[in-house]
Amino acid sequence: MLELLEPAREGDVIDGGQLQHAVGRLVDIAGDFCDRVAENTTFPEQRQILRRTHSLLNLSAWMDGGADIALVPGQPRVTAAQVNDAIDYCAVAVLDAPSLAARLALIDALLDFFQDVLTGAGEAIVESARQLRQVCDAIGVGEPVDETLDDAGNYHLAKFRARAWEAAQYVLMPMNGLRSPDMAELGEAVQPERVTTVSPASALVSARVAARVASLPAMQSAEVATPQILHSTHEDGPKLAALTREDVLQLKSRSPGVRVLPLVYYELTRRPMLELARGPGPAAVSAQAALALTVQIVRAGGDVPVAGARVIAFTDFEERAGAEAVSDATGMVRLELASGVAVQALLVYGPAGYWGLYRTGVTLNKGDTLTLQPIDLAAPDYLAQSYGHGPLEAGSGVTVGVIDTGVDGKHPDLALAGGAAFVVAENDAGGAGPAATDGDHGTHVAGIIASRGQPPSGKRGVAPGVKLMSYRVFPNGGTGATNYDIIRAIDRGVADRCDFLNMSLGGATRDEAVREAIKDAFENGTLCIVATGNDGRGPVSYPARWPEAVAVSAVGRQGTFPADSSEALDAVAPFSVQDGAVFVAGFSNVGEEVDLTGPGVGIVSTVPGGSYAAMSGTSMACPAATGVAAALLASRPDILAMPRDSKRSVEMLRLINGVARTLGFERAFEGLGMLERAKF
């Protein structure tokens, strides 16, 4: 591609039939890249991999018709053989790429190359070929940087440059509400008008494309598509579609009564665990040639080993440098640090049944023992201090839906009435039970609302008498929940006549799609109670920021968790002027949109497998408020009996807001304050 090429003449083309070799290569690269999802379990990495996988397959489908590509006269005459050589060169480099970042950069260069190939502009093709070769040759020499990642490794979808042939996912909704006749006509409106004739030469490749897509796991195959409707809530309701930029313009022209909204991902609002920065810290590097430091985690008051404890030793807390590991079945932890190393901060996140540990200014030596306090279910946490040991019938007659990671209906202290999975990427498989990843979150949230346990074997929720529903929107793979799936869950919750929907999730992206669903729920007598998010005093997350939602921040109280537990990290100013032990949780998002606050630090509740665990976050404060709201509503049969419309929602709000009492914080931290149990 780099030699001097003769100019193209009028009528010269890149033979589309001969490009089927390139199409096959694209499919192979996409398949190999998609297989790496299982190797990279973090949400940002999975989003990176799947976006490129989809792009490669979309490009394959775009080129698979065998259509010739007209060359620009006077510019270099590029042939199909040269294009095939370029992708062969790239395919070898992909296999040698030492890291995910290198593969991402290489595949983006490959996609940019084909973007220019499809234009037929020889000069641009040659220049892209040069850049592609430079990236390929740099493999193993230097690490290409992917511009869609920030310094913390977070994925920024806004930085993704959509190419003409790439189909991105969109949520299609009416201009107002969730149903309209315009939506029923979309099946025809969004179908692509391009017509391609599959030549005999490309028939085999077409079969390979179809087979490759069919072989992908459900989580990936459901999202791989050329322009089409992927899913519909109702014939006249919201739809999930894969559209190119051209398709979006056609849709806006044909169906002006339809909104085309971006697909948005939401995360859980459990307090995020601290992590090491990427790459080893200086202390870890110096220890590479030495024996690893080994310590043991045991249960306080004995020598019972504790498995599954996550230990992080920060040798430089500000730079997040150090080492981390998880304890094995014998409680042993192997840290890549030299014995006798000075640790600025030592964090242990305990498994179910144990509190965590937080210490500063310690020296770790080989053979040290760290003890974790077991959770005493008879000792009151802040939730129990605030709302006590309520009667089993509290909340009776009220239906509460938990939109989360699923609820373990087999937990002995939970009575799950029903629910379903709403995860298009998994074809809604798996039901309302806990997701394979982060499945403990939804069960913990549900227990705060409705656990029927009692000490010494369990703990009581705020409103154990409610009819509890589970709507799982987070996939088993552990990635975020889409706004489309959340819309579906809210719609189902309204259909199931839920009085409250608890949403311990959030994100920074302004999302009109979920707002419309929350408004629709409000108009049908259902209130959505939403966590404000956990970005350390950041602005209130969406969808809690919308005025139609009830936004709940988090507070904690010293003395309700061990003084040396990891929860101590969250005890920061401001402290209450009424009770100096009460504080606004350090992780809690705050702002003028906050409506209420609730106990959210060191809250003990149910987790899958019949166990109990301590968690912190606005995720925990939110169901505390939901539970109190349910118990309050149960005491007002007159409101319960009202027609399910906006007037009912207003009366429910009036009831809830009327029992909120300030804890002595500014409005932006607590809103109206915390709900009082004494009123029901």
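The values are calculated or read from the model by the stated rules, or taken from the named source; none is laboratory data. Predicted model, so just to flag it, every value in this text is computed and none were measured. Positions of Cβ are generated from backbone atoms using ideal geometry, with glycine treated the same way; all protein chains shown enter the neighbour counts. Surface accessibility is based on the protein's heavy atoms, side chains included, excluding ligands, DNA and RNA. Shrake-Rupley method; radii C 1.70, N 1.55, O 1.52, S 1.80 Å.
Key figures
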item	result
All positions within the stretch 651-680 that are open to solvent by 60 Å² or more (accessible area, probe 1.4 Å) and aliphatic (A, V, I, L, M)	Leu672, Ala678
Out of Asp570, Asp520, Asp535, sole residue that is open to solvent by 10 Å² or more (accessible area, probe 1.4 Å), within 16 Å of Pro272 (Cα to Cα) and acidic (Asp, Glu)	Asp535
Members of the stretch 51-94 found to be assigned to a loop (DSSP other than H, G, I, E, B) and either out of contact with any Leu (no Cβ under 8 Å at 6 or more places or on another chain) or charged (D, E, K, R) (or both), listed by number	Asp64, Gly65, Ala67, Asp68, Leu71, Val72, Pro73, Gly74, Gln75, Arg77, Thr79
Any hit, the stretch 582-605, residues being assigned to a loop (DSSP other than H, G, I, E, B), open to solvent by 40 Å² or more (accessible area, probe 1.4 Å) and either closer than 23 Å to Tyr358 by Cα or without any contact (Cβ under 8 Å) to a residue 60 or more places away in the chain (or both)	no
Which listed residue, of Gly395, Gly406, Gly388, is open to solvent by less than 10 Å² (accessible area, probe 1.4 Å), of a type outside the set (A, V, I, L, M, F, W, C) and closer than 30 Å to Arg661 by Cβ	Gly395
Identity of the residue in the stretch 606-621, assigned to a helix (DSSP H, G or I) and in contact with a Leu (Cβ under 9 Å, 6 or more places away or on another chain), that ends up surrounded by the fewest Cβ atoms within 10 Å (Cβ to Cβ)	Ser619
Any hit, the stretch 449-466, residues being part of a helix (DSSP H, G or I), more than 17 Å from Gly478 (Cβ to Cβ) and in contact (Cβ under 8 Å) with a residue 12 or more places away in the chain	yes
Any hit, the stretch 552-564, residues being of a type in the set (S, T, N, Q) and over 25 Å from the mean Cα position of the chain (by Cα)	yes
Matching residues in the stretch 228-275 - criterion: being hydroxyl-bearing (Ser, Thr, Tyr) and surrounded by fewer than 14 Cβ atoms within 10 Å (Cβ to Cβ)	Ser253
Flag for Gly533 being on the phi > 0 side of the Ramachandran plot and either in a loop (DSSP other than H, G, I, E, B) or touching a residue at least 40 places away in the same chain (Cβ under 8 Å) (or both)	yes
Pick from the stretch 438-481, criterion modelled with pLDDT under 95 and hydroxyl-bearing (Ser, Thr, Tyr), ranking: nearest to Ala630 (Cα to Cα)	Ser457
Ser470, sole failed condition from (1) open to solvent by 20 Å² or more (accessible area, probe 1.4 Å); (2) of a type in the set (S, T, N, Q); (3) more than 17 Å from the chain's Cα centre (by Cα)	(1)
Residue count for the stretch 405-421, restricted to those that are under 27 Å from Met273 (Cα atoms) and in contact with a Phe, Trp or Tyr (Cβ under 6 Å, 6 or more places away or on another chain)	1
Selected residue (criterion: nearest to Ser565 (Cα to Cα)) from residues of the stretch 344-370 that are over 32 Å from the mean Cα position of the chain (by Cα) and surrounded by 16 or more Cβ atoms within 10 Å (Cβ to Cβ)	Leu370
Cβ-Cβ under 7 Å pairs, at least 6 apart or on other chains, the stretch 97-117 side touching a residue at least 24 places away in the same chain (Cβ under 8 Å), far side of a type in the set (Phe, Trp, Tyr) and open to solvent by 30 Å² or more (accessible area, probe 1.4 Å)	none
Criterion (part of a strand (DSSP E or B), touching a Ser or Thr at 6+ places or on another chain (Cβ under 8 Å), crowded, with 24+ Cβ neighbours inside 10 Å and of a type in the set (A, V, I, L, M, F, W, C)) met by exactly one of Val540, Val552	Val552
Test: residue in the stretch 558-581 that is aliphatic (A, V, I, L, M) and closer than 29 Å to Val466 by Cα	no
Considering residues of the stretch 414-433 that are touching a helix residue (DSSP H, G or I) at 6+ places or on another chain (Cβ under 7 Å) and open to solvent by less than 50 Å² (accessible area, probe 1.4 Å) only, the residue farthest from Glu393 (Cα to Cα)	Ala425
